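What follows is calculated from the coordinates using simple rules that are stated; it is not laboratory data. Treat the numbers as computed from the prediction; the structure is a model and nothing was measured. Here the Cβ is made from the backbone with ideal geometry for all residues, glycine too, and neighbour counts use every protein chain on show.
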Amino acid sequence: MKPLLALFVREWRVARRIGGGASVGAVFFLILVAIMPFALGPDLRLLARLGPAILWIAALLSTLLGLDRLFQADSEDGSLDLYGHAAPPLEAIVLVKCAAHWTVSILPLIVVTPLFGLMLAMDARPLGLTTLTLLAGTPALTMIGAIGAALTASLRRGGLLMAVLVLPLAIPALIFGVAAASGGDAGFATPFAALAAISLFSIATAPFACAAAIRLARE
Amino acid sequence: MRLVAENLTLERGGRRLIAGLSFAIAAGEALIVTGPNGAGKSSLLRGLAGLLPFSGGRARLEGDAAALTMAEQTHYLGHADSLKGALTARENLRFWAALLGGGALSEIDALRRLGLPHVADFPVQALSAGQKRRVGLARLLVAARPLWLIDEPTTALDAGAQELFAEAMRQHLSGGGLIVAATHAPLGLESARTIRLAGGAPV
């Protein structure tokens, strides 16, 4: 366990020091949420109704923002080669990197979601539900994004390609997340359970896909 | 412990770089790979490090620690130094020691051996190219692994640092280690054998 803990600590330190892994994501999230009323107009009922969808789309884009460097930085400085020489399997290393990324860059977004939702005139209950669904759904977005990041690790400007690859795969999480948060016909429990299942499935399978992509990219 | 390579064949981008290369080195021996640019020196080292598949033949480590895979007994130092610029030299080395197994010098002792103890707490991005390379070389000293695969290790090093690293390599060999190095410059290893790649077939 000690090597993986050391990796987690390093990822944290790099993200904190490089300036802004965490804060830039949160500011991007704020900007996205803040420009929505300008586009949609000052109709508070409309904003409140669209609130969960807006917050989810903003969270999805902010998640992708930081992910493109997840493996690219390691590929450039040679760390990616050496992960193969460590005792823990590459799959475990990928999972720890994703966990570190989620705690340092995504968790702050979720924490500020109730605050930003106020700008969309949302009530307490939809705000709480949206925060809860983001908590359950962003691990899926992170893990799916990590597959895109691994596939584009060795490309110079892979960020855009990664977004194109990843966004369609994020649609199921988006559907169930927004459905659970806005409490439509399906209620809360069913879509939330589906969302949690997508997250758990991604956590269990995405590390293998990432590791396979990284092994290919090394050649 | 012995490193045995049998009939290695390596192809890159449709060219056959290495065909039918065989060699064996025993504990305490070094092998220097030379050859013109593009002859396949780096590719050979990456192949031995398990980062590139050989299209034929195989390389293996024979010896006492049979429970460990070859990758777990290998240090690979490529053209990149595998350092994070935002972290200090000490933090970088501590991380690699934890991930690669440790069991060797402390971070500060490793830096001292390469003449750099005074930069231990500087962010690596503030160091010069030669200093970064030396911190990268110090990684070989903080985790105990018998096989060193080193690619142009002395790039950007000044004469004094080259001598310090030569001394570190001699100590590694006298402790029963193995070294395969690709280089153009002499490394200061008198006893080392040399193979020359000619981009096609080994001569």
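By average Cβ neighbour count within 10 Å, what is the ranking of A:62-68, A:146-152, B:55-61 from highest down?
Numbers: A:62-68: 23.6, A:146-152: 26.3, B:55-61: 16.0.
Highest-to-lowest ranking by the protection proxy: A:146-152, A:62-68, B:55-61.
Taking the Cβ of B:Leu21 as the center, what net charge do the other residues with Cβ under 12 Å away carry, scoring Lys and Arg +1 and Asp and Glu -1? Intermediate results must be reported in sequence, preceding the final value.
Details: positive: B:Arg16, B:Lys41, B:Arg58, B:Arg196; negative: B:Glu6.
Net charge around B:Leu21: +3.
³J(HN,Hα) across the stretch A:155-168 via Karplus (A = 6.51, B = -1.76, C = 1.60, θ = phi - 60°), whole Hz, x for Gly/Pro?
Each residue's phi maps through the Karplus curve to give 8, 5, 10, x, x, 5, 4, 4, 4, 5, 5, 8, 4, x Hz.
Taking θ = phi - 60°, what integer Hz values does the Karplus form 6.51 cos²θ - 1.76 cosθ + 1.60 yield along the stretch A:210-219, in sequence order, with x for Gly and Pro?
4, 4, 5, 5, 5, 4, 5, 5, 5, 6
Calculate the mean, over all residues of peptide A:71-82, of how many other protein chain Cβ atoms lie within 10 angstrom of the residue's Cβ. Mind showing how you got there, number by number?
Values: counts 0, 0, 2, 3, 1, 1, 8, 9, 9, 3, 9, 14.
Averaged over the peptide's residues, the number is 5.
Which net charge results when you count Lys and Arg as +1 and Asp and Glu as -1 among the other residues whose beta-carbon is under 13 Å from that of A:Ala86?
Neighbour charge sum, excluding A:Ala86 itself: +1.
Given +1 on the Cβ of Lys and Arg, -1 on the Cβ of Asp and Glu, and no further charges, what dipole in debye does the stretch B:2-196 carry about its Cα centre, rounded to the nearest 20?
Details: 21 positive and 17 negative charges, 91 e Å.
Magnitude of the dipole: close to 440 debye.
For peptide B:53-60, what's the mean number of Cβ atoms from other chains within 10 Å of each residue's Cβ? Walk me through the numbers before you get to the answer.
Details: counts 2, 0, 0, 0, 0, 0, 0, 0.
Per residue, the average neighbour count from other chains is 0.
In the neighborhood of B:Asn92, defined by Cβ-to-Cβ distances under 11 Å, what is the net charge if each Lys or Arg adds +1 and each Asp or Glu adds -1? Could the numbers behind the result be given before it?
On the way: positive: A:Arg10, A:Arg13, B:Lys84, B:Arg90, B:Arg94, B:Lys132, B:Arg139; negative: A:Asp77, B:Asp81, B:Glu91, B:Glu107.
That sum, taken over residues with Cβ under 11 Å, equals +3.
Helix A:2-17: angle to the longest alpha-carbon principal axis of chain A, degrees 0 to 90, nearest 10?
Approximately 60 degrees, to the nearest 10.
Give me the percent of DSSP beta bridges within the protein assembly as shown that run antiparallel, rounded to the nearest 5.
Working: 17 of 34 bridges.
Roughly 50 percent of the beta bridges in the protein assembly as shown run antiparallel, per DSSP.
Of A:Ala6, A:Gly187, A:Ile175, whose Cα points farthest to the positive end of the dipole of chain A (charges on the beta-carbon: +1 Lys, Arg; -1 Asp, Glu; origin at the Cα centre)?
Result: A:Ala6.
Quick query: amide H of B:Glu11 versus all other amide H atoms, modeled in the peptide plane; which residues come in under 5 Å with a sequence gap of 5 or more or a different chain?
B:Leu17, B:Ser55
Take peptide A:83-89, look around each residue's Cβ out to 10 angstrom, count Cβ atoms belonging to other protein chains, and average those counts. Write out the running numbers ahead of the final one.
Working: counts 3, 7, 18, 8, 7, 1, 0.
Neighbouring Cβ atoms belonging to other protein chains average 6 per residue here.
Once you order the gyration tensor axes a ≥ b ≥ c over the Cα atoms, which shape class does the stretch B:2-196 get: rounded for a/c under 1.5, otherwise prolate or oblate by comparing a/b with b/c? Walk me through the numbers on the way to the answer.
Details: a/c = 1.70, a/b = 1.53, b/c = 1.11.
Prolate is the answer for the stretch B:2-196, as a/c is 1.5 or above and a/b outweighs b/c.
Project the alpha carbons of the protein assembly as shown onto their principal axes and report the range along each, largest first, in whole Å.
82, 46, 36
What relative contact order, as a whole-number percentage, does chain A give when Cα pairs under 8 Å and 6 or more residues apart are counted? Could you put the intermediate results ahead of the total?
Details: 279 pairs, mean separation 58.8, N = 219.
Over chain A, the number comes to 27 percent.
For the Cα atoms of chain A, what angle does the longest principal axis make with the long axis of helix A:44-67, in degrees from 0 to 90, nearest 10?
Around 10 degrees separate the two axes.
Relative to the longest principal axis of the C-alpha atoms of chain B, give the angle of the C-alpha long axis of helix B:89-100, reported between 0 and 90° and rounded to the nearest 10°.
It works out to around 50 degrees.
Run the numbers for A:Thr103 and A:Phe8: contour at 0.36 nm per residue of separation, minus the present Cα-Cα distance, in nm. Before the final figure, lay out each step's value.
Values: separation 95, 0.36 × 95 = 34.20 nm, distance 1.02 nm.
Full-extension gain reported as 33.2 nm.
Cα gyration tensor of the stretch B:92-188, axes a ≥ b ≥ c as square roots of the eigenvalues: rounded (a/c below 1.5), prolate (a/b > b/c) or oblate?
On the way: a/c = 1.68, a/b = 1.09, b/c = 1.55.
Verdict is oblate for the stretch B:92-188.
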